[in-house]
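Undergrad: Got a structure for you, written out below as structure tokens; questions coming shortly.
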Amino acid sequence: MRIYHLLLLLISIFVASTVIAQDTLTFLDGKTRIGKVLNSTVLITKIEVTKKKNTKLKEFESSEIFKINYASGVSDTLYVRNAEKEFFLTIEEMHFFILGEQDAIQNYHPRVSAIGGLIFGGVFGYVLNDGAYVAGVPLIYTIGSAVSPVKINNLSNRSVSILSSPAYQEGYIKIARTKKAFYALASSAVGTFFGVIVAHGSK
């Protein structure tokens, strides 16, 4: 009986180690992919991704990848500073840039822009419900939201040296503005729609 339980334990450990032992790819856009790297050249990186017992082969341009962290603990930085490809940042600067992107992806939530979009869209959708300009309400709000400043929060507890890095700030603001524009456009469009509906319903 003890041998049976010991065998089950060994099998569980083997399966768990197989699942955990995966490589992590960090891309220049701040996103990551987890899988088994099959081959990586200067041009193409191939990985095997397994989800719910389904295995797929995926290919990426190596120029899109910043670094590969292998399950063995070894890392390989693929990023190379190249003015022809407009890769002007050093490896350290690009690392900070990606940290900024990742922090904004995880921690930046433009709730104020979203709430403001609902209110702005609702008011002007109601007022301009019969006018030709009502369709431009979401666009106007989105443009206005885009020029407003972005506040960097430090929910990831980054050091002062990282937070003060121009590359980190650039990466953070890049993602934050993208998210801000999306929420501004979506919320103001919804607000405008309901504003028009209310206006027509009250007539």
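The values are calculated or read from the model by the stated rules, or taken from the named source; none is laboratory data. Here the structure is a predicted model, which is why all the values come from computation and not from measurement. Counting neighbours? That spans all protein chains shown, and the Cβs are built from the backbone with ideal geometry, glycine included.
Undergrad: Those residues that are part of a loop (DSSP other than H, G, I, E, B), touching a residue at least 12 places away in the same chain (Cβ under 8 Å) and farther than 30 Å from V160 by Cβ, I need them from segment 79-129; list them, please.
TA: Hit for segment 79-129 is N129, nothing else.
Undergrad: Okay, next question. Out of all the residues in segment 24-46, which are more than 25 Å from A104 (Cβ to Cβ), among the hydrophobic types (A, V, I, L, M, F, W, C) and either in contact with an Asp or Glu (Cβ under 8 Å, 6 or more places away or on another chain) or in the same structural domain as I173 (by TED's automatic domain parsing) (or both)?
TA: Within segment 24-46, V37, L38, L43, I44 meet the criteria.
Undergrad: Of all residues in segment 59-105 being of a type in the set (V, I, T) and closer than 21 Å to E48 by Cβ, which is surrounded by the fewest Cβ atoms within 10 Å (Cβ to Cβ)?
TA: Among them, the one singled out is V74.
Undergrad: Here's another thing I want to ask about it. Out of I152, I115, I143, I119, I need the residue that is more than 29 Å from K31 (Cα to Cα), of a type in the set (V, I, T) and not assigned by TED's automatic domain parsing to the domain that holds G30. Which one?
TA: Result of the check over I152, I115, I143, I119: I119.
Undergrad: Quick one: is S188 closer than 21 Å to I152 by Cα and more than 18 Å from the chain's Cα centre (by Cα)?
TA: So S188 fails the test.
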